[in-house]
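Colleague: So that we are looking at the same thing, I have put the structure below in C-alpha cells.
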C-alpha cells in the first residue's frame with residue numbers, strides 16, 4: 001500500500017474536528033474548538049401509549065355526542081334570535097340544533113357517562129366500604145343531575 005493511500009485512510013478515520021489544524025497559520029487568534037459533537041439518536045416508540053388511545057376514543061365519543069356529523073353536514077349557526085331580537089340558544093324544532101345547544105347536551109351526556117364510570121369503579125372497593133359508598137353516591141348523583149339537565153333541554157325544545 002502506498003504512503004498517500006495510508007495517509008488518506010488515516011485522515012478518513014479521524015473525526016472532522018481532529019483533521020483540522022490546531023492553529024491556522026495565517027490567523028494565530030483562531031484555533032480549533034476542543035469539544036466533540038455527539039450523535040443524538042431519536043427513535044419512535046415501539047407501541048402506541050394507552051393514554052393516547054384512550055384520549056382518541058374519548059375525543060371521538062365526545063364528537064359523536066355533540067352531534068359533530070350533523071354540524072358538519074348542516075352547518076347550523078352557533079346561536080339564534082327570536083322575532084323580537086333576543087338571543088336564543090335552544091331552537092324550538094326537535095330535528096335541528098344550534099352549535100352551542102349540541103355542545104351543551106353532549107357535554108352533559110359525557111358527564112353522565114362519567115357518573116356511570118364512577119358507579120362501576122365503586123364495585124372495585126369491596127374491602128373499603130367507605131370509599132365504595134362515596135363513589136357510588138357521587139356516581140348516582142352525577143348521573144341523576146346530567147339526566148335532569150338533558151331532560152330540561154329536551155323540554156325546552158318540545159313545546160307543549
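The values are calculated or read from the model by the stated rules, or taken from the named source; none is laboratory data. Treat the numbers as computed from the prediction; the structure is a model and nothing was measured. All Cβ positions, glycine included, derive from the backbone under ideal geometry; neighbour counts span all protein chains shown.
Colleague: Let me spell it out: the conditions are (1) without any contact (Cβ under 8 Å) to a residue 60 or more places away in the chain; (2) outside any helix (DSSP H, G or I); (3) in contact with a helix residue (DSSP H, G or I) (Cβ under 6 Å, 6 or more places away or on another chain), and residue 127 meets all of them except one. Which number is the exception?
Modeller: (3)
Colleague: So, in the range 42-69, of the ones that are part of a helix (DSSP H, G or I) and touching a helix residue (DSSP H, G or I) at 6+ places or on another chain (Cβ under 7 Å), which residue ends up modelled with the lowest pLDDT?
Modeller: If we filter the range 42-69 for residues that are part of a helix (DSSP H, G or I), which is where we start, we get 50-65, 68-69.
Next cut, touching a helix residue (DSSP H, G or I) at 6+ places or on another chain (Cβ under 7 Å) only: 62, 65.
Details: 62: 89, 65: 85.
By that ranking, first place goes to 65.
Colleague: Now a separate question. What residue, of 150, 143, 159, is touching a helix residue (DSSP H, G or I) at 6+ places or on another chain (Cβ under 8 Å), under 27 Å from residue 95 (Cα atoms) and at pLDDT below 95?
Modeller: Numbers: 143 fails: at pLDDT below 95; 159 fails: touching a helix residue (DSSP H, G or I) at 6+ places or on another chain (Cβ under 8 Å).
Result: 150 is the single residue among 150, 143, 159 that is touching a helix residue (DSSP H, G or I) at 6+ places or on another chain (Cβ under 8 Å), under 27 Å from residue 95 (Cα atoms) and at pLDDT below 95.
Colleague: Quick check on the range 85-98. Is at least one of its residues exposed (fewer than 12 other Cβ atoms within 10 Å of the Cβ) and assigned to a helix (DSSP H, G or I)?
Modeller: no
Colleague: Please go through the range 45-58 and give me each residue that is closer than 18 Å to residue 114 by Cβ and exposed (fewer than 10 other Cβ atoms within 10 Å of the Cβ), ordered by number. Working first, answer last.
Modeller: Just the residues of the range 45-58 that are closer than 18 Å to residue 114 by Cβ, to begin with: 51, 54-58.
The one that is closer than 18 Å to residue 114 by Cβ and exposed (fewer than 10 other Cβ atoms within 10 Å of the Cβ): 51.
Colleague: Take the conditions part of a helix (DSSP H, G or I) and more than 27 Å from the chain's Cα centre (by Cα) and apply them to residue 135. Does it pass? Give the steps one after another, and end with the answer.
Modeller: Details: part of a helix (DSSP H, G or I): yes; more than 27 Å from the chain's Cα centre (by Cα): no.
Considered against the rule, which asks whether it is part of a helix (DSSP H, G or I) and more than 27 Å from the chain's Cα centre (by Cα), residue 135 comes out as no.
Colleague: How many residues does the range 70-95 hold that are touching a helix residue (DSSP H, G or I) at 6+ places or on another chain (Cβ under 8 Å) and closer than 26 Å to residue 147 by Cβ?
Modeller: Let us first name the residues in the range 70-95 that are touching a helix residue (DSSP H, G or I) at 6+ places or on another chain (Cβ under 8 Å), namely 70-71, 76-79, 89-94.
Now restrict to residues that are closer than 26 Å to residue 147 by Cβ: 70-71, 76, 78-79, 89-94.
Matching residues across the range 70-95 total 11.
Colleague: Another question, if that's okay. Can you tell me which of (1) over 25 Å from the mean Cα position of the chain (by Cα); (2) surrounded by fewer than 16 Cβ atoms within 10 Å (Cβ to Cβ); (3) in a helix (DSSP H, G or I); (4) free of Cβ contacts under 8 Å to residues at least 60 places away in the same chain is the one residue 117 doesn't meet?
Modeller: (1)
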